[in-house]
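These notes are about the structure you will find just below.
The values are calculated or read from the model by the stated rules, or taken from the named source; none is laboratory data. Values in this document were obtained by computation on a predicted structure and should not be read as measured data. FYI the Cβ positions are ideal-geometry reconstructions off the backbone, even for glycines, and counts take in every protein chain you see. Keep in mind that these areas ignore ligands, DNA and RNA; they rest on the heavy atoms of the full protein, side chains included. Shrake-Rupley method; radii C 1.70, N 1.55, O 1.52, S 1.80 Å.
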Amino acid sequence: MKMGEAKARQKSKAEREAEAEAVREASLATALPETNKGFKMMAKFGFKQGDTLGKAENARKEPIQVNVKEDRSGIGLESEKKRKLREAWDEAARVAKRSKEEEGDYLEDRKQQQKEKKMERDLDSAQRTAERLFEKEAEEMAGPSSEEKPLKDINVLWRIRARRRVEKEHDRRQRRELENSLASRLPTLAQDQEEDTDTKIAAGRDVAPFYTSLENDLEDEDPELAEFEALPVAERLQKLLVFLREQYKYCLYCGYQYPDANMEGCPGITEEDHD
Amino acid sequence: MASKRELTSEDGNSSTKRAKMENGNGKQDAGGNPYLAHWNDDSNSKPLRVDPNGTSGWSTLYGGIALTNNRIEANSADALYNFKRHATTSKQASAAEDGPLNPFTGKSLSNRYMGILKKRRDLPVHKQRDEFLKLYQESQILVFVGETGSGKTTQIPQFVLFDDMPHKSAQMVACTQPRRVAAMSVAQRVAEEMDVELGEEVGYSIRFEDKTGPNTMLKYMTDGMLLREAMHDNNLTRYSTIILDEAHERTLATDILMGLLKEVVLRRKDLKLIIMSATLDATKFQKYFHNAPLLAVPGRTHPVEIFYTPAPERDYVEASLRTVLQIHATEDEGDILLFLTGEEEIEDACRKINLEAQDLVREDAAGPLVVYPLYGTLPPAQQQKIFSPAPPPTRPGGRPGRKVIVSTNIAETSLTIDGIVYVVDPGFSKQKVYNPRIRVESLLVSPISKASAQQRAGRAGRTRPGKCFRLYTEQAFKKELIEQTYPEVLRSNLASTVLELKKLGVEDLVHFDLMDPPAPETLMRALEELNYLACLDDEGELTVLGSLASQFPLDPALAVMLITSPEFYCSNEILSLTALLSVPQIFVRPAANRKRADEMKDLFAHPDGDHLTMLNVYHAFKSEEAQANPKQWCHDHFLSYRALQQADNVRMQLKRIMEREELELMSTSFENKKYYENIRRALVAGFFMQVAKREGNGKTYTTVKDEQNVLLHPSTVLGQDSEWVVYNEFVLTTKNYIRTVTSVKAEWLLDIAPNYYDIASFKKGEIRTALQRVATKIQRKEQEKGKR
């Protein structure tokens, strides 16, 4: 019985560790007091609380922080986690705030949101159509198809589509590489060295380096696209709609490519015009 | 200026002796020594005086080669005769270098010398020899930037020799290195380049080892050694030029030396100072040294392409293994350098890479791969292996072989390995941290700095264009890494340094001009510790004990323990223990053989603690049985032969200092039951500030005064029933540990360190109550004694 009691009183290992850490952190955050013997010796030479040592500018006031690394997480993982957490928290806060607001407002907002979503969808199909029409035209003229073109040469109005495809391909490749362990899936035949790239890709043995520059900021890499994508959805949609009409005599809301520039029968550019 | 070099006795490491001799027979000897005759500044008098009978003790030392001396003199005078100090040109120097006789020794130059000379002249620094000389001659202080591979460490000191000719004024050129190994190996190399024997014209001096002689004119040394010399010779009068090499590494000693030399150059206008750095951040040095001129020599480097990972890595070790294998399977020929943080991690990684690589080879998916670990505590012979060439293909025309080196950050700057084309950088290294608030000094895995990352990347471009794979995102590189690694002075306990500075005569430590002054609390804590150790009085003045302690190249606590040990009748044992605590871990515990290693350790275990256990090991090591074949004996007992040998050497050096300072060496008889107790008490005399008390009956201990919760390190031999322990180290990992512990008694604490154990100064709590209880008990006992 007595032993049981003693055991119950004893803190668990995890508790002890947490406590030790808490004590450590608290001590680390506490500066040495002026009662410290060393302080007196330094005061003899004119040192006052808040001063720094030496003659350099911007000398340290505080000791360097002690950070104990507890796992093998790579550089940046911690802040990435924190960022995601913060985002989730912000989102939760936003939602909470919303629900408190008046219902009318809420409905209004919702309507707006739905409208925006609809516009996003329209934009997407407008882009798809523009790309398709463009490619059809290019094929007829026997020009290069956009597949082989560098991203930057694709019309900015639908360039994002091509970019997404590249990213998807890259993700897929990376996943594949991760899933198949290196040892088990690398080329096993001696003549592999002579194999051409196509064969390798076909055999799922594409060994292109998995480092690419895709994750660089869009801003640095493709400022034109970044600028376009930064426009409000309504504006982007507007640009697409106008482009389709002028270039291909096509109306998204009629879903029809008119034979001539008059586009007779189409009530107007916007969706409302088609109501 | 008394700048004659003293001829030293055989006891070359004793700097005080030298200092003492300065006004004595040193000058006289120099005059009588034909070797040194040409030191006389007045070279017109042609002092080719060879005393056939020899003077004083000289003939007995060098008489046997008196015949050659004639030649030496004549020839060395020829080669450098027309040289006007600080007005020479590279053309003159080249002519003298071409021989046929060695300008410094007069001996014929070997073929090997000629071969090396040709290669030396291809080094990047050589092209700027004239430019260097001009700046060197014009300015007292010079900042020299030479990237790795420029040849600065080996060539610049030689350039200086030809212009400074320190031997003519009985002085030397010093070139400091942050690491012992570098000091030794560079000295060896330069001795070969100059076609002289190591320890003669070119030598080195590192802690516990001095390889210089009366002829030495170029001395490579650790920065710590030069600092120690400065303690006895505040103006460093033995040197005409001081070169601080690898200053960018910002070691504690280099930083202190810079602060000191900044003052010394004002007092000694004849002293020249060269700060050498491998990074372009040298403007900071320039600014610090009153805008000294700067000369930069490009290294021989190739472009390095840098790759980042798309997303942060969940496990950097795993990611680095994956990357290494990926490189091996897909990239062109070229060796790989992977940076990890410590021995265990490195050994583990090597094993895993080996296994995976074998699979690859078996499937013929890649050529053969050899993996080498590299870290500081690895025996030199094994360190040397990293220089062996990559393995050949398994069959003719097969896939090329490759070597992988998995290293700590020692491969970042200090070691140059040719053939590296790929660098894998997870972005971490083990770095020392010190925090004065809880007095913890630990090695912690920390993110490296941007400067470090660049340095690592540069390692890929030594032989040809290379690639560096950073296992973090570019974003993380930009935002998370600090610009420069914190200099050591910001990450160290400064007790030792403060003692040295006091001994160096620096009164006002508050305003001592360091390049990066540490936080005031660091100095505060150091002063406090030294005061409790009675090395400084309450005014901050050096005490007799403090002055004595500064003679030892040891931490103040160790030095005080050693000095006071005769009072406990065990100075022989404490001397051994101090040596053992000054070398790397003596116990070997290979991952594959832990159980057996622990069993062997138990053979030596002393129930009262690790210090005593170490002492048992040392005594056993010195036994006749072990000495019959010490290497084998160590191997059988899972002990590090190297560490024990080193301890032996350290002990000898410390013993000399003790004898010089007239500290008595004695032992309590082993049969006396107080034998071990005396040692434990002596331990308290030095380490009373590193004591912990057990909490209740639990496993946890609390450190005295700082009140940190700690656990005994799992390696301890100590049982769980010790209420009070002294510890050698407070180690931070995911848990707080105290390592190398020995049990002591509270009575001793109160008795031996009453200032520190002034009960009134303790916070209310378990420790105070316990101490109070003991104090009352002692009082009562004394009262009883009084009554009787």
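Quick one: is B:TYR757 part of a loop (DSSP other than H, G, I, E, B) and under 26 Å from B:GLY719 (Cα atoms)?
Yes: the conditions hold for B:TYR757.
Tally the residues that are hydrophobic (A, V, I, L, M, F, W, C), buried (at least 16 other Cβ atoms within 10 Å of the Cβ) and part of a loop (DSSP other than H, G, I, E, B), restricting the search to the stretch B:74-133.
Of the residues in the stretch B:74-133, 4 are hydrophobic (A, V, I, L, M, F, W, C), buried (at least 16 other Cβ atoms within 10 Å of the Cβ) and part of a loop (DSSP other than H, G, I, E, B).
Could you check how many residues of the stretch B:329-385 are more than 11 Å from chain A (Cβ to nearest Cβ) and more than 24 Å from B:ASP315 (Cβ to Cβ)?
Number satisfying all stated conditions: 17.
When you check B:GLN720 against the structure, is it surrounded by fewer than 19 Cβ atoms within 10 Å (Cβ to Cβ) and either modelled with pLDDT under 95 or among the β-branched types (Val, Ile, Thr) (or both), yes or no?
Spelling it out, B:GLN720 is indeed surrounded by fewer than 19 Cβ atoms within 10 Å (Cβ to Cβ) and either modelled with pLDDT under 95 or among the β-branched types (Val, Ile, Thr) (or both).
Taking only pairs six or more apart or across chains, which ones have beta-carbon atoms under 9 Å, a first residue in the stretch A:10-29 that is at the interface with chain B (Cβ under 8 Å from one of its Cβ atoms) and in contact (Cβ under 8 Å) with a residue 12 or more places away in the chain, and a second residue that is of a type outside the set (A, V, I, L, M) and open to solvent by 70 Å² or more (accessible area, probe 1.4 Å)?
A:LEU28/A:GLN65
Just to verify a result, which residue in the stretch B:528-561, among those that are of a type outside the set (A, V, I, L, M, F, W, C) and part of a helix (DSSP H, G or I), is surrounded by the fewest Cβ atoms within 10 Å (Cβ to Cβ)?
The qualifying residue surrounded by the fewest Cβ atoms within 10 Å (Cβ to Cβ) is B:SER547.
Restricting to the stretch B:438-459, give me the number of residues that are among the hydroxyl-bearing types (Ser, Thr, Tyr), more than 9 Å from chain A (Cβ to nearest Cβ) and open to solvent by less than 10 Å² (accessible area, probe 1.4 Å).
Adding up the residues that qualify gives 1.
Could you look through the stretch A:10-44, keep only residues that are under 17 Å from B:ALA519 (Cβ atoms), out of contact with any helix residue (DSSP H, G or I) (no Cβ under 6 Å at 6 or more places or on another chain) and modelled with pLDDT of 90 or more, and pick out the one that is most open to solvent (accessible area, probe 1.4 Å)?
Per the stated criteria, the residue is A:ALA43.
Got a sec? Which strands (runs of 3 or more DSSP E) wholly within the stretch B:352-425 have at least 1 residues that are crowded, with 21+ Cβ neighbours inside 10 Å, in contact with a helix residue (DSSP H, G or I) (Cβ under 8 Å, 6 or more places away or on another chain) and of a type in the set (S, T, N, Q)?
So the answer is B:402-407.
Could you check the stretch B:460-480 and list, in sequence order, the residues that are within 13 Å of chain A (Cβ to nearest Cβ), of a type outside the set (Ser, Thr, Tyr) and open to solvent by less than 10 Å² (accessible area, probe 1.4 Å)?
B:CYS468, B:PHE469, B:ARG470, B:LEU471, B:ALA476
Quick one: how many residues across the stretch B:388-420 are at positive phi and among the acidic types (Asp, Glu)?
Final tally of qualifying residues: 0.
Give me the pairs, please: first residue somewhere in the stretch A:132-144 and open to solvent by 90 Å² or more (accessible area, probe 1.4 Å), second residue anywhere and modelled with pLDDT under 85, beta-carbon distance under 8 Å, and either six or more positions apart or on two chains.
Taking only residues 6 or more apart or on different chains, the pairs are A:GLU139/A:SER145.
Quick check: anything in the stretch B:522-531 among the hydroxyl-bearing types (Ser, Thr, Tyr), more than 22 Å from B:GLU729 (Cα to Cα) and either away from chain A (no Cβ under 14 Å) or within 22 Å of the chain's Cα centre (by Cα) (or both)?
no
Quick one: how many residues across the stretch B:655-699 are among the polar types (S, T, N, Q) and within 28 Å of the chain's Cα centre (by Cα)?
1
Have a look at A:ARG173, A:ARG205, A:ARG236, A:ARG245 and point out the one that is farther than 30 Å from A:LYS118 by Cβ, at pLDDT 75 or above and of a type in the set (Lys, Arg).
Just a single option satisfies the conditions, and that option is A:ARG173.
Cβ contacts < 6 Å: first residue at the interface with chain B (Cβ under 7 Å from one of its Cβ atoms), restricted to the stretch A:37-65; second residue open to solvent by 20 Å² or more (accessible area, probe 1.4 Å) and β-branched (Val, Ile, Thr), any location; separation 6+ or different chain. Result?
Going by the 6 Å Cβ cut-off, the qualifying pairs are A:ALA59/A:THR52; A:LYS61/A:THR52.
Of everything in the stretch B:424-437, what is more than 7 Å from chain A (Cβ to nearest Cβ), under 20 Å from B:VAL710 (Cα atoms) and of a type in the set (Lys, Arg)? Give them in sequence order.
Result: B:LYS432, single match.
Applying the selection to the stretch B:169-197, what residues are crowded, with 20+ Cβ neighbours inside 10 Å and farther than 22 Å from B:ALA411 by Cα?
B:ALA170, B:GLN171, B:MET172, B:VAL173, B:ALA174, B:ALA191, B:MET194, B:ASP195, B:VAL196
Consider the stretch B:185-212. How many of its residues are assigned to a loop (DSSP other than H, G, I, E, B) and under 18 Å from B:LYS119 (Cα atoms)?
Residues in the stretch B:185-212 being assigned to a loop (DSSP other than H, G, I, E, B) and under 18 Å from B:LYS119 (Cα atoms): 3 in total.
Take the stretch A:69-83 and flag every residue that is assigned to a helix (DSSP H, G or I) and facing another protein chain (nearest Cβ under 7 Å).
Once the filter is applied, which keeps residues that are assigned to a helix (DSSP H, G or I) and facing another protein chain (nearest Cβ under 7 Å), the stretch A:69-83 yields A:LEU77, A:SER79, A:GLU80.
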